[in-house]
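Enquirer: What follows is a single structure, and I will ask about it in a moment.
The values are calculated or read from the model by the stated rules, or taken from the named source; none is laboratory data. It should be emphasised that the depicted structure is a prediction, and the values quoted were computed from it without experimental measurement. So basically every Cβ, Gly included, is an ideal-geometry build from the backbone, and we count neighbours across all protein chains shown. With ligands, DNA and RNA removed, areas are computed over all heavy atoms of the protein, side chains included. Shrake-Rupley method; radii C 1.70, N 1.55, O 1.52, S 1.80 Å.
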Amino acid sequence: IPADHLIYASQDAVATYQLGIIMENKCRDIQAQHTPHLLLGTNGTNGTTASWGPLGHDIQLRGDIALRQIEHYGLAVDGEAVCRLDESLGADITKCHAVLARYGYMPGQAGNQAEFDQIIGEIERERGVTIPVTGKTRRKSQAADALGVIADHEFVGAFLQIEKLGKLRETYVQHLQTSSDRIYPRYNLIVRTGRTSSRKNPRRGGTPRKA
């Protein structure tokens, strides 16, 4: 494992811990302002903050009411801005495709993994590095973390940028495209991960996958 990867992993853990302490205190301060003391952490069966944490029943109920209002009235969308963003992402993706084409690599075509392996092999010999292979196919990994040591190479940079921009476009931007000026999400309040998720409302229209 490269040293800079280990340093990043350790710093990430420390930063997350420090932020967690700060956020917990802020959450408890907000909770104390909006929830009667005896109801802190209440879920209907237990009234202790220690058992249920800072997201008590009352705060979750307030959040649920607000999200149901959004579901009913929808979220305003600037269609022209979304269109401009989509066109910009499309233009950047096209430029990246042109870079890959100069190296003889065409994303989406059958057999392109072999071409990818050949190009990466040449970069490995040029840079004196080794890119890991996948467990089953023994092909060169296309994961961003595996290619990080050669991300500054023109081909690899364009390849990773296409993956990044394509995901952004498909996961979020396309769900903001609507024939009207509003989208109507459907929310699932506080899932197991601790987040509030959203999905497409089949009765009203599209929405981003996560909120």
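Enquirer: Round to the nearest 0.05 the FRET efficiency obtained for Asp78 and Ile22 when R0 = 35 Å and r is the Cβ-Cβ distance.
Expert: Rounded to the nearest 0.05, the efficiency is 0.55.
Enquirer: Please report the Cα spread of region 105-205 along all three principal axes, rounded to whole Å, starting with the longest.
Expert: On the principal axes, region 105-205 reaches 54, 33, 25 Å in Cα extent.
Enquirer: May I ask you to evaluate 6.51 cos²θ - 1.76 cosθ + 1.60, the Karplus curve with θ = phi - 60°, for each residue of region 79-95 and list the ³J(HN,Hα) values in order in whole Hz, giving x for glycine and proline?
Expert: x, 5, 5, 5, 4, 5, 5, 5, 5, 5, 4, x, 5, 5, 5, 4, 4
Enquirer: Then there is this: Using a Cα-Cα cut-off of under 15 Å, which aspartates and glutamates could be cross-linked to Lys95, ignoring same-chain neighbours fewer than 8 residues away?
Expert: Counting by Cα, and skipping residues close in sequence, Lys95 has these aspartates and glutamates nearby: Asp86, Glu87, Glu154, Glu163.
Enquirer: Using θ = phi - 60° and the Karplus form 6.51 cos²θ - 1.76 cosθ + 1.60, what ³J(HN,Hα) does each residue of region 98-108 get, whole Hz, x for Gly and Pro?
Expert: Listing the rounded values in order: 5, 5, 5, 5, 5, 8, x, 10, 10, x, x Hz.
Enquirer: So how much slack lies between Arg195 and Glu126, counting 0.36 nm per residue of separation and subtracting their Cα-Cα distance, in nm?
Expert: That pair, Arg195 and Glu126, stretches by 20.4 nm at full extension.
Enquirer: A follow-up question, please. For the pair Thr137 and Leu6, what calculated FRET efficiency results from E = 1/(1 + (r/R0)^6), where r is the Cβ-Cβ distance and R0 = 35 Å, to the nearest 0.05?
Expert: Rounded to the nearest 0.05, the efficiency is 0.80.
Enquirer: Same structure, new question: Ordered by residue, what ³J(HN,Hα) values in Hz, to whole numbers, does region 163-177 give under the Karplus form 6.51 cos²θ - 1.76 cosθ + 1.60, where θ = phi - 60° and Gly and Pro are x?
Expert: Each residue of region 163-177 in turn: 4, 5, 5, x, 5, 4, 5, 7, 7, 10, 4, 5, 7, 9, 7 Hz.
Enquirer: Okay, moving on. Excluding Val133 itself, what net charge comes from residues whose Cβ is under 13 Å from its Cβ, given Lys and Arg +1 and Asp and Glu -1?
Expert: +2
Enquirer: Let me ask something additional. What percent of all Cα-Cα pairs in region 69-113 falls into each 5 Å bin, going from 0 up to the bin containing the maximum distance?
Expert: P(r) for region 69-113, in whole percents per bin: 5, 18, 13, 13, 13, 10, 9, 8, 7, 4, 1.
Enquirer: Mind checking which lysines have their C-alpha under 30 Å from Lys26, skipping anything on the same chain fewer than 8 residues away?
Expert: Lys210
Enquirer: Let me ask something else about it. Please report how far the C-alpha centroid of region 138-191 lies from that of region 62-137, rounded to the nearest whole angstrom.
Expert: Value for the Cα centre distance between the two parts: 5 Å.
Enquirer: Of the options Pro202, Thr134, Ile150, report the single residue whose Cα projects farthest towards the positive end of the charge dipole of region 76-211 (beta-carbon charges: Lys, Arg +1; Asp, Glu -1).
Expert: Of the listed residues, the answer is Pro202.
Enquirer: Sticking with this one: Ordering Glu87, Glu115, Glu24, Glu124 by how much accessible area each has at a 1.4 Å probe, largest first, what is the list?
Expert: Glu87, Glu24, Glu115, Glu124
Enquirer: What residues have an amide H closer than 5 Å to that of Arg182, excluding those fewer than 5 places away on the same chain, when H is modeled at 1.01 Å from N in the peptide plane?
Expert: Val77
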